[in-house]
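J.: Structure provided below as structure tokens; questions to follow.
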Amino acid sequence: MGVTRADEGTDVRMQKAVSAVAGVALALAMLPAGAAPPTGPERPSVGSPGIGDPYFPQYGNGGYRIGHYDVGVAFDPATERLTGDTIVTGRATQRLTRFNLDLVLRASSVWVNGMPARFRHTGRELVVTPRTALREGQRMQVRVVYAGVPEDVTDDGIKPWFTTPDGAVAVGEPEIAAWWFPSNDHPADKATFDVDLTVPRGLQALSNGRLVGVDRADGQATWRWTSGAPMATYLAFAAFGRYDMVQGSTESGRPFLNAFAKSLNPRVDRAARVSIRRTGEVTDFLARTWGRYPFQQIGGVVTSRNFGFALENQTRPVYSPAFFSSGRNTSIVVHEMAHQWFGNAVTVRRWKNIWLNEGFATYSEWLWAQDQGFETTDEQFDRFYDNFGTKDSFWNIPIGNPGPRRLFTGAVYDRGAMTVHALGEEVGHETLRRIGRHWVHRNADGVGSTAEFIALAERLSGRRLGAFFRNWLFSGEKPPRPPT
Ligand code: TRP
Ligand code: ZN
């Protein structure tokens, strides 16, 4: 698999060079013809501007699927400007006279299968009209050259990108990709990634997966990263700046790469290192619980600025320093690493399925706490159950359909974890583990929905669970206490 991946990487990079040359040649060849429009009776067949997620109608696109992203970006901290040259490779799922990618930065040229294409921007959408229509099932290779200052772009009141004194960080959920590469920006379309990040020499540039190498030339350094397992667009990250990188192999033989912003306060830095150093041990614990770790690499990145969260970026979560400001914090590492199984290996098909991510990640924290000799999962469940009375607004949110503005509300996490524990009480905790393992490993590299999860739980437990899940996921009331 390593060899195949390397070959594919080389192939795509060669195509980038070839398509650049072809693009110039074609542009020249077209000059005498002037503005001759494409010939032939082209009945329009337009790819939809959204993938069909009711929470976010504009996110993702229809009419094609992406197989691979070859992202190339350069970031200059002095100007905060990002320049990009990215190739996305996919396949049309219908005839396409026109299709969209999601990108908030401005494109200067677009090629489709080596031919210059017309394009325009509307909001987050890059609308591409290839010179000839793509046939259903046809391979498509789209190269976009683009630039902009991501820090200056707010879309729909959202600006997930943030800068630091020495760089920037692209981390966000559910949106971030459109601020640094053209994409089919929805978790339902996962793809493999090669990410090349160019920064002034002396800075570091981090992303997911394996560090292939660093090319240094002309006062610049290009950090080349590769992710061979399919990844959702929101899980791809980039961090530019001054980082101390720590690489090695864990006791159980997993390659790790951690990075700590150099400007961290020494006390926070210590606590962060002590916590993130345990990622290997945490991964081993989670693998004993939920089956083998789905990826090849592990790690963690601590940024210099707080962005209010930590995010489970595939193979390498990114943490705000605030998580370590009052000492070591292993729970957050457990949470983000549990997402590698729940969220990253098996990904939400629609954003309303978010409890499948946050519920299992939070429940995994409960399991860790129990294993460390703190509260048992029963005690943790009871603490929430007894704390929130029938009238408490905690119970108002049906976490199986929380609404786009409540995706990450506390109940999605805590009622989500309670749902998982209550399911264990209902069907037996051994069966719960089997359900969790099957859920992840049957759907690994793909997506899943709540309905599919319920069907699996019913099949593996041999029980009808409609009423159980209605109470726990879809009611705005406190569910009955599970039988003990
Ligand atoms: N999924 C993240 C977690 O639970 C939380 C999160 C939601 C987040 N939105 C975000 C993190 C935006 C970073 C940026 O760990
Ligand atoms: Zn989470």
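The values are calculated or read from the model by the stated rules, or taken from the named source; none is laboratory data. Treat the numbers as computed from the prediction; the structure is a model and nothing was measured. Glycine gets a Cβ as well: all are built from the backbone with ideal geometry, and neighbour counts include every protein chain shown. Quick note on the areas: whole protein, heavy atoms, side chains included, nothing else; ligands and nucleic acids left out. Shrake-Rupley method; radii C 1.70, N 1.55, O 1.52, S 1.80 Å.
J.: Output the residues belonging to region 454-484 that are open to solvent by 70 Å² or more (accessible area, probe 1.4 Å) and in contact with a Ser or Thr (Cβ under 8 Å, 6 or more places away or on another chain).
T.: Within region 454-484, E477 is the sole residue that qualifies.
J.: Still on this structure, I have one more. Would you confirm, using the coordinates I've provided, whether N396 is open to solvent by 10 Å² or more (accessible area, probe 1.4 Å), more than 29 Å from V169 (Cβ to Cβ), among the polar types (S, T, N, Q) and away from ligand 2 (no atom under 11 Å from the Cβ)?
T.: On the way: open to solvent by 10 Å² or more (accessible area, probe 1.4 Å): yes; more than 29 Å from V169 (Cβ to Cβ): yes; among the polar types (S, T, N, Q): yes; away from ligand 2 (no atom under 11 Å from the Cβ): yes.
Spelling it out, N396 is indeed open to solvent by 10 Å² or more (accessible area, probe 1.4 Å), more than 29 Å from V169 (Cβ to Cβ), among the polar types (S, T, N, Q) and away from ligand 2 (no atom under 11 Å from the Cβ).
J.: Under the condition of being in a loop (DSSP other than H, G, I, E, B) and modelled with pLDDT of 95 or more, which residue from region 161-175 is nearest to ligand 2 (Cβ to nearest atom)? Working first, answer last.
T.: Pass one, region 161-175, residues in a loop (DSSP other than H, G, I, E, B): 161, 165-166, 171-175.
Of the ones still in play, those that are also modelled with pLDDT of 95 or more are 161, 171-175.
On the way: W161: 20, V171: 13, G172: 13, E173: 9, P174: 12, E175: 16 Å.
The extreme case among them is E173.
J.: Related question: Is it the case that V274 is away from ligand 1 (no atom under 16 Å from the Cβ) and without any contact (Cβ under 8 Å) to a residue 12 or more places away in the chain? Outline the logic, then answer.
T.: Details: away from ligand 1 (no atom under 16 Å from the Cβ): yes; without any contact (Cβ under 8 Å) to a residue 12 or more places away in the chain: no.
No; evaluated as a whole, the condition is false for this residue.
J.: Can I ask one more? Contact list please: Cβ distance under 8 Å, first residue in region 304-318 and on the phi > 0 side of the Ramachandran plot, second residue more than 16 Å from ligand 2 (Cβ to nearest atom) and part of a loop (DSSP other than H, G, I, E, B), pairs at least six apart or on different chains.
T.: So the pair list comes out as T315/N208; T315/G209; T315/F295; T315/Q296; T315/Q297.
J.: How many residues does region 235-256 hold that are under 23 Å from the mean Cα position of the chain (by Cα) and under 25 Å from A369 (Cα atoms)?
T.: 2
J.: Mind checking which residues of region 440-469 are in contact with a Pro (Cβ under 9 Å, 6 or more places away or on another chain) and closer than 23 Å to T377 by Cβ?
T.: We begin by selecting, within region 440-469, every residue in contact with a Pro (Cβ under 9 Å, 6 or more places away or on another chain); these are 440-441, 444-447, 468.
Across region 440-469, the qualifying residues are V440, H441, F468.
J.: Condition (residue is within 16 Å of ligand 2 (Cβ to nearest atom), among the aromatic types (F, W, Y), touching a Gly at 6+ places or on another chain (Cβ under 6 Å) and in contact (Cβ under 8 Å) with a residue 12 or more places away in the chain) applied to region 350-370: is it met by at least one residue?
T.: yes
J.: Continuing with this model, one more query. For region 372-410, how many residues are free of Cβ contacts under 8 Å to residues at least 60 places away in the same chain, under 31 Å from the mean Cα position of the chain (by Cα) and more than 18 Å from V420 (Cβ to Cβ)?
T.: 4
J.: Which number in (1) within 16 Å of ligand 2 (Cβ to nearest atom); (2) assigned to a helix (DSSP H, G or I) marks the one condition that F408 misses?
T.: (2)
J.: Determine the pairs where a residue that is in the same structural domain as E379 (by TED's automatic domain parsing), located within region 412-435, has a partner that is at pLDDT below 95 and open to solvent by 10 Å² or more (accessible area, probe 1.4 Å) with Cβ atoms under 6 Å apart, the partner being 6 or more residues away or on another chain.
T.: Short answer, once both residue conditions are applied: A422/P482; E425/P482; E426/P482.
J.: I'd like to check which strands (runs of 3 or more DSSP E) are fully inside region 62-160 and have at least 3 residues that are charged (D, E, K, R).
T.: Numbers: elements: 64-76, 81-92, 99-102, 106-112, 118-122, 125-129, 139-148.
Where strands (runs of 3 or more DSSP E) fall fully within region 62-160 and carry at least 3 residues being charged (D, E, K, R), they are 64-76, 81-92.
J.: May I pose another question? If I filter region 154-167 for residues that are among the aromatic types (F, W, Y), farther than 15 Å from L235 by Cβ and either open to solvent by less than 10 Å² (accessible area, probe 1.4 Å) or touching a residue at least 12 places away in the same chain (Cβ under 8 Å) (or both), do I get at least one hit?
T.: Here is the first cut: in region 154-167, the ones among the aromatic types (F, W, Y) are 161-162.
The next check asks that each one be farther than 15 Å from L235 by Cβ; those that pass are 161-162.
When the remaining residues are screened for being either open to solvent by less than 10 Å² (accessible area, probe 1.4 Å) or touching a residue at least 12 places away in the same chain (Cβ under 8 Å) (or both), the result is 161-162.
Yes, region 154-167 has at least one match.
J.: Still on this structure: Would you mention how many residues in region 411-427 are away from ligand 2 (no atom under 16 Å from the Cβ) and surrounded by 22 or more Cβ atoms within 10 Å (Cβ to Cβ)?
T.: Initial filter on region 411-427 (away from ligand 2 (no atom under 16 Å from the Cβ)): 421-427.
Checking which are surrounded by 22 or more Cβ atoms within 10 Å (Cβ to Cβ) leaves us with 421-423.
Qualifying residue count, region 411-427: 3.
J.: Can you name the residue in region 319-332 that is polar (S, T, N, Q) and either open to solvent by 10 Å² or more (accessible area, probe 1.4 Å) or in contact (Cβ under 8 Å) with a residue 60 or more places away in the chain (or both) and, of all such residues, is nearest to ligand 2 (Cβ to nearest atom)?
T.: Residues of region 319-332 polar (S, T, N, Q): 320, 325-326, 329-331.
Checking the rest, the ones that are also either open to solvent by 10 Å² or more (accessible area, probe 1.4 Å) or in contact (Cβ under 8 Å) with a residue 60 or more places away in the chain (or both) come to 325-326, 329-331.
Details: S325: 19, S326: 20, N329: 14, T330: 15, S331: 11 Å.
Once the filter is applied, the top-ranked residue is S331.
J.: Does region 333-345 contain at least one residue that is at pLDDT 95 or above and either open to solvent by 30 Å² or more (accessible area, probe 1.4 Å) or more than 16 Å from ligand 2 (Cβ to nearest atom) (or both)? Walk me through how you get there before you give the answer.
T.: Taking region 333-345 and keeping what is at pLDDT 95 or above, we get 333-345.
From the residues that got through so far, the ones that are either open to solvent by 30 Å² or more (accessible area, probe 1.4 Å) or more than 16 Å from ligand 2 (Cβ to nearest atom) (or both) too are none.
The answer is no; no qualifying residue exists.
J.: Continuing with the same structure: In region 176-223, how many are more than 19 Å from Q247 (Cα to Cα) and either within 16 Å of ligand 2 (Cβ to nearest atom) or out of contact with any strand residue (DSSP E or B) (no Cβ under 7 Å at 6 or more places or on another chain) (or both)?
T.: The qualifying residues number 6.
J.: Being charged (D, E, K, R) and touching a strand residue (DSSP E or B) at 6+ places or on another chain (Cβ under 9 Å) is true for just one of D392, D445, D414, D386. Which residue is that?
T.: On the way: D392 fails: touching a strand residue (DSSP E or B) at 6+ places or on another chain (Cβ under 9 Å); D414 fails: touching a strand residue (DSSP E or B) at 6+ places or on another chain (Cβ under 9 Å); D386 fails: touching a strand residue (DSSP E or B) at 6+ places or on another chain (Cβ under 9 Å).
Among D392, D445, D414, D386, only D445 is charged (D, E, K, R) and touching a strand residue (DSSP E or B) at 6+ places or on another chain (Cβ under 9 Å).
J.: Open to solvent by less than 10 Å² (accessible area, probe 1.4 Å) and within 16 Å of ligand 1 (Cβ to nearest atom): does that describe N306? Full working, then the answer.
T.: Details: open to solvent by less than 10 Å² (accessible area, probe 1.4 Å): no; within 16 Å of ligand 1 (Cβ to nearest atom): yes.
Taking the combined requirement at face value, the residue does not satisfy it.
Residues are listed down the side, and each one gets a yes or a no for (1) within 16 Å of F237 (Cβ to Cβ); (2) open to solvent by 30 Å² or more (accessible area, probe 1.4 Å):
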{"site": "E173", "(1), (2)": "yes, yes"}
{"site": "D185", "(1), (2)": "yes, no"}
{"site": "D194", "(1), (2)": "yes, no"}
{"site": "G209", "(1), (2)": "yes, no"}
{"site": "D215", "(1), (2)": "no, yes"}
{"site": "A221", "(1), (2)": "no, no"}
